[in-house]
Structure formats: structure tokens, C-alpha cells
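Working notes, structure below.
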Amino acid sequence: MIQDDSDQSWENRRRHRRRYMLFKIPAYDAQTRRFLGLVQDVTEAGIQLFGVQVELGTRLTIIVQAADYTRTAPLQFDAVCRWTARENPHGYYCSGFEIIGITEEGKENLTRLIELVALG
């Protein structure tokens with residue numbers, strides 16, 4: 001079950017150091033299976049994706065296909081888009097997502113992902 005993680009508020013997000021990915025790992029909308037983007041950086045509180053435009057305030061369940069790196073099930077969590085910006089003239093966007101709900105197993109897998117494939 002997905003649990004609310006209210007102690008990880010948007011105002012507290014900078015308490016977590018950004019970690020930049022060694023590999024570009026794809027992320028998808030869990031409901032539509034639509035590609036959202038590639039994970040560029042990650043913290044315990046959120047992720048930044050480089051990909052398609054996501055409207056500010058959109059709530060999604062995101063699947064990060066990190067199983068090849070973490071040797072676990074794909075990482076899944078509920079998130080809300082806190083910012084989005086057009087990155088280049090080809091129509092690619094960067095979007096920042098706050099994690100608002102994640103299981104205990106998901107937290108463990110996120111920590112493992114950060115330890116294994118992130119710089120910083």
C-alpha cells in the first residue's frame with residue numbers, strides 16, 4: 001500500500017542533497033504506462049525528470065525502471081509535479097516531482113538506488 005509521507009513536505013525538500021544519476025533511468029506513469037522522462041537527479045524526497053511536459057500540480061503514481069540496477073522490483077511512488085520548464089527547442093522538459101507517498105519497501109529501494117547509481 002502507498003502511504004502518505006507528510007513529514008517530507010515541499011518546504012523541507014532542500015534538506016535532502018540532490019544526487020545526480022550515473023545512468024539515465026526511464027520513468028513512467030503507472031496508470032497510463034506513458035513515458036514521463038529519464039531520471040536526472042534524485043533525493044529521498046523527490047526526483048527530476050527530463051522528458052515530456054507535465055502540468056504543474058499533477059499527481060501521478062510514478063514507476064522508475066531501476067530493477068536492473070537495484071535487483072529489486074521497479075520503484076513506485078506517488079508524486080506531485082512541483083515545477084516544470086522547457087529545456088530545449090526540441091520540446092523536451094525538465095520537471096521536478098515531490099514524493100508524497102511511498103511504501104516502506106519503496107523507501108528501501110529508493111535508498112538503494114541512490115547508493116548504487118547516483119553521484120554527489
(message) Tell me which chymotrypsin sites (Phe, Trp or Tyr not before Pro) from region 59-120 have a DSSP coil assignment and no more than 12 other beta carbons within 10 Å of their own.
(response) none
(request) Put one equal scatterer on each alpha carbon of region 10-119, apply the Debye formula with no solvent term, and list log10 I(q)/I(0) at q = 0.20, 0.21, 0.23 1/Å to two decimals. (result) -1.04, -1.16, -1.41
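Laboratory data are not the source of any read-out in this text; all were calculated from the coordinates shown. These numbers come from a predicted model, not from an experiment. In this analysis, Cβ positions are derived from the backbone assuming ideal geometry, glycine residues included, and neighbour counts consider all displayed protein chains.
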